[in-house]
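Since the structure comes first, as structure tokens, the remarks are kept for the end.
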Amino acid sequence: ILIQTDTPSLPLADRYDYVVVGAGIGGLVVANRLSENPSVSVLVIEAGDLDDQAEDVTVPGNVGEEDPHRYEWVVTTGAQEFLDNTPRSFTQGKVVGGSTITNGLCWTRGSTADYDAWVNLGNPGWGWADLLPYFVKSETYTAQHDASLEPTAGASQRTDPVVSKHGYQGPIEVGFPRYIYNQTYNFLDGIQELGIPINDDLNSGYATGANLIPSSITAENQSRADARTSYLDPVLSRPNLALVTGHTVTRILHRGDNGTAPNPGPKVGVPGRIITGVEFAANSTSQRYNVSCRREVILAAGAILSPVLLQISGFGPADLLTSLGVEVAVDLPGVGSNLQDHPMLQPVYAFDAPDVFTAWDIVGRTRDAVREEYLANRIGPWTAPMVNTVAFPALEWVQDDAPQFLTRISNATSHLPPTYDATLLAGYTAQQTELTALLSRTDTPAYELMSTSWGQLAVSAMHTFSRGTVQARSVSVFDKDNPPLVDPRFCSHHFDCDVLLAALELNDRLIATAPMAALQPVPQAGFAPADARNRTALDEAMRALIRTEFHLSGSCSMLPRDLGGVVDPALRVYGTRGLRVVDASVLPLVPGAHIQAPVYAVAEKAADIIRLDNGDVAGVHPLPKEVRPTPPHCAHHAHRAHRAHRYW
Ligand SMILES: Cc1cc2nc3c(=O)[nH]c(=O)nc-3n(C[C@H](O)[C@H](O)[C@H](O)COP(=O)(O)OP(=O)(O)OC[C@H]3O[C@@H](n4cnc5c(N)ncnc54)[C@H](O)[C@@H]3O)c2cc1C
């Protein structure tokens, strides 16, 4: 049931079993799975609207080319004092489907050790082996089978997935483009010359190496696969599932006793503030609505807005809440701390060789031809996302004396935000131990290198020691004059920038390899070989360019409370009954990966946990038959993949 913004009065029930805040990955996965039981009612409230599926967001070739601000919250950070002292801009999706409507389509999971580290941090049940069934459950994976993409002379690109590690009947489609730019092969050949091997399946849990990157695209249509089209559209006709769009949740409602009163939550007698529902509105002057939950509120507003909503509702660091004039319901220092991201910079080494066709050439009449070819047959350069080839180097592959390099990580905590209390400090110390171990492995990357058709060699640090914060500055989510303060504090720990410098030095060696030199790359100012060998100059150029990879996470971490945690391993907010968080904010340590696949898997697992906790067991793990992985049939594309050719 869809209830849109312009509905004059909202035809809502007073109560739903579950009220879900936010229709991004976390919200839509959980809403889909909880409403599988027809006797359970679910209401989802989303601040954005349904998108119109326009070409600028659905066509892979347009990713990064267009500017889909109409679907975004834009947040400006504080000045980045450890970079160049200027602010950065972050965006998050504000639309049904959340950030998956505007994201870069990259689909990676990270390494087994990334998730086993979550267990080591005090989260039983969240290791790789525990999450693999949910990675599998979420996806329909179509491997790259086309013969024309098999190794060609001098090139050794191949993707050969580990069949048992993938899903073939899940809601979200994962695939490869039908068009590969020729320079992809130069990149893969060059990177191997530097000792970074091809990895046939970057998503098998062994996460280092280089290859084409899988994307969240539909194999047949070659268009964006997102949380809305995969998890919502097929089930929106369920009478027990309602979605309100264009309305923002302004507060989580709760009662002030200690949880011994009769149920609205599943566990009668468990102490905690009783969550009763949410308040929401279309805008600051419009009518406010209250809706109650019989069972739970599921907060899925993303890594910036989930902690903000908790804070303005009374759950967060007591000092901050008091300064906002919010009554403290539960003093939770971790709400809005432990913020992590992958700092990224995107230097371009533009190809000067004649006859190199790149996405930059898709203009004018060429664009018309490319568009026509795409719309008619779903082939050609518009099927290729901006990033389609990557390398994930282990530290020891790119750093001569990796063990010595690792000693630069001191146990110091002086770089942490001044707001950190003893619990957050203890949690950070535990994370440092895990991070150091992760960086010592060869199946877990130190950084990612992303190659585009036009010579961009973007690099991002994967296992970071810097930590940022998210803080509400107003009790109103509509207060445009006082938006939340997001401070990623990029490179507040020097090691993150040290890794990025090593990455840029590898870029310099990469463009000098014969396969890459054949493209005659011309580095942008600050990244020429002379700069790359002058650490001071390179460092300065690097800091000016670092920005977000949009992998914000950790701001409502799943960690023990005495390690600064906000939610327990069942994703329940400490000190509450009937409130969970299911989105990127619960990731306690960001995996060395683009994070949409991990968030889909986390949300799938969360749905099973919620159903079990509420006695709603039908269809819960072990996976029902229809979602068990089956071997892939040899995908038979209607269209052959096209190698790059010229467009006029
Ligand atoms: C520009 C960009 C590029 C990215 N590229 C990639 C990529 O290539 N690969 C990858 O793996 N990941 C990528 N990501 C990250 C990935 O898409 C996100 O991590 C993921 O979508 C997070 O899911 P989520 O459920 O936490 O939040 P989201 O998907 O962001 O959804 C949160 C939803 O909650 C809604 N909401 C917020 N507050 C309220 C409120 N108070 N009331 C009602 N609704 C509310 C929002 O409008 C939004 O729709 C990218 C992200 C961005 C922004």
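The values are calculated or read from the model by the stated rules, or taken from the named source; none is laboratory data. Keep in mind the model is a prediction, meaning the values are calculated, not measured. For neighbour counting, all protein chains shown are included, and Cβ atoms are generated from backbone atoms with ideal geometry for every residue, glycine included.
Before moving on, here are some points about what is shown:
- Within region 290-313, considering residues that are over 19 Å from the mean Cα position of the chain (by Cα) and not in a strand (DSSP E or B), the one nearest to residue 615 (Cα to Cα): 310
- Checked against (1) in contact with a strand residue (DSSP E or B) (Cβ under 7 Å, 6 or more places away or on another chain); (2) near the ligand (Cβ under 7 Å from one of its atoms), residue 123 passes all but a single condition, namely (2).
- Test: residue in region 293-300 that is among the basic types (Lys, Arg) and more than 14 Å from the ligand (Cβ to nearest atom): yes
- Some residue of region 260-274 being modelled with pLDDT of 90 or more and over 26 Å from residue 604 (Cβ atoms): yes
- Any hit, region 27-50, residues being surrounded by fewer than 24 Cβ atoms within 10 Å (Cβ to Cβ), under 27 Å from residue 135 (Cβ atoms) and among the acidic types (Asp, Glu): yes
- Verdict on residue 192 being at pLDDT 95 or above and surrounded by 24 or more Cβ atoms within 10 Å (Cβ to Cβ): no
- Any hit, region 123-132, residues being modelled with pLDDT of 95 or more, surrounded by fewer than 21 Cβ atoms within 10 Å (Cβ to Cβ) and among the aromatic types (Phe, Trp, Tyr): yes
- Those residues of region 126-139 which are within 16 Å of the ligand (Cβ to nearest atom) and not charged (D, E, K, R), in sequence order: 131, 134, 135, 138
- Test: residue in region 35-50 that is closer than 30 Å to residue 466 by Cβ, in contact with an Asp or Glu (Cβ under 6 Å, 6 or more places away or on another chain), within 9 Å of the ligand (Cβ to nearest atom) and modelled with pLDDT of 95 or more: no
- Residues of region 434-449 satisfying the condition of being within 18 Å of residue 194 (Cβ to Cβ), in contact with a Gly (Cβ under 9 Å, 6 or more places away or on another chain) and either part of a strand (DSSP E or B) or of a type outside the set (Gly, Ala, Ser) (or both): 445, 447, 448
- Residue 54 closer than 22 Å to residue 167 by Cβ and of a type in the set (A, V, I, L, M): no
- Residue pairs whose Cβ atoms lie under 7 Å apart, sitting 6 or more positions apart in sequence or on different chains, and linking a residue in region 75-96 that is in contact (Cβ under 8 Å) with a residue 12 or more places away in the chain to a partner that is part of a loop (DSSP other than H, G, I, E, B) and basic (Lys, Arg), are 77/88; 80/88; 82/489.
- All positions within region 213-231 that are more than 11 Å from the ligand (Cβ to nearest atom) and either in a loop (DSSP other than H, G, I, E, B) or over 19 Å from the mean Cα position of the chain (by Cα) (or both): 218, 219, 220, 221, 222, 223, 225
- In region 528-617, counting only helices (runs of 4 or more DSSP H) that sit wholly within it, the ones holding 1 or more residues that are under 17 Å from residue 503 (Cβ atoms) span 529-532, 535-545.
- Residue count for region 30-52, restricted to those that are charged (D, E, K, R) and not in a loop (DSSP other than H, G, I, E, B): 2.
- Residue 549 vs. criteria under 30 Å from residue 470 (Cβ atoms) and buried (at least 21 other Cβ atoms within 10 Å of the Cβ): yes
- Residues that are closer than 10 Å to residue 455 by Cβ and in a loop (DSSP other than H, G, I, E, B) within region 503-527 comprise 519, 520, 524, listed in sequence order.
- Filter result (at pLDDT below 90 and β-branched (Val, Ile, Thr)) within region 52-73: 63
- In the set (1) at pLDDT below 95; (2) within 16 Å of the ligand (Cβ to nearest atom); (3) under 25 Å from residue 572 (Cβ atoms), residue 91 fails one condition alone, (3).
So that you can scan it fast, the table gives a plain yes or no per residue for (1) within 28 Å of the chain's Cα centre (by Cα); (2) within 26 Å of residue 468 (Cβ to Cβ); (3) at pLDDT 95 or above; (4) crowded, with 20+ Cβ neighbours inside 10 Å:
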| residue | (1), (2), (3), (4) |
| --- | --- |
| 368 | no, no, yes, no |
| 371 | no, no, yes, no |
| 375 | no, no, yes, no |
| 390 | yes, yes, yes, yes |
| 405 | no, yes, no, no |
| 409 | yes, yes, no, no |
| 413 | yes, yes, no, no |
| 439 | yes, yes, yes, yes |
| 444 | yes, yes, yes, yes |
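- All positions within region 166-181 that are in a strand (DSSP E or B) and over 19 Å from residue 59 (Cα atoms): 168
- In region 94-112, of all residues being more than 9 Å from the ligand (Cβ to nearest atom) and buried (at least 24 other Cβ atoms within 10 Å of the Cβ), the one that is farthest from the chain's Cα centre (by Cα) corresponds to 111.
- Check on residue 203, at pLDDT 95 or above and closer than 30 Å to residue 356 by Cα: no
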